[in-house]
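Enquirer: Questions regarding the structure given below will be posed in turn.
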Amino acid sequence: MEQGLFNLPPFGFKIKKMEEALDYKYVLLRNADAVTRTEFVKNTYKHLAGAVLAFILVETILLSMPWATALAQALVSSGTSWLLVLGGFMFITNYAEKMARKSHDRSKQYQGLALYVVAEAIIFLPLIMMAISAGGGTALIQQAGLITLALFGGLSLVVL
């Protein structure tokens, strides 16, 4: 029996028996039952929450470093340097996504997620530093964080 991409049956393939369907490890979510779809959404939100918390942790660590201001200034010192930062960010996030998508190994998928979170934290560093210097301190960042947590928490409660 020929298989399509991601170990799924090829398009147009009709499963005659339920036993044949169970032979495939990966099934399209739209073809799954309601319990499986619900579990998928719950797991997705758990991973998103973990990634957001990891981002906050990495960003807090970066902001507490004595060289954070120098790094932020170096990243945005000229249009060319910012263009290089954006290009590097595109490359790294593309690589991280491929790590997560192409591997069936959970540790590789989590490594891809961690790489993506660190890249996001680095690219947000100059933006947060600008907001801190323009807004008169960390009050604006704390307010934005609380609003984000409230919205994310409300969405999570509805989904979970």
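Every number here is computed from the coordinates shown, using simple stated rules; none is lab data. The structure displayed is predicted, hence computed values, not measured ones. Here Cβ is always computed from backbone atoms with ideal geometry, including for glycine, and neighbour counts include all displayed protein chains.
Enquirer: Expected output is a single nm value to one decimal: the length gained when fully extending between V41 and I61, i.e. 0.36 nm times separation in residues minus the C-alpha distance. What is it? Provide the component values of the computation, followed by the final result.
Expert: Working: separation 20, 0.36 × 20 = 7.20 nm, distance 3.01 nm.
The V41-I61 span can extend by a further 4.2 nm.
Enquirer: Once you put a point 7 Å from the Cα of L53 and another 7 Å from the Cα of T138, both along the Cβ direction, what distance in nm separates them?
Expert: 2.0 nm
Enquirer: Alpha carbon centre of region 130-144 versus region 63-103: separation in Å?
Expert: The two parts, judged by their Cα centres, are 21 Å apart.
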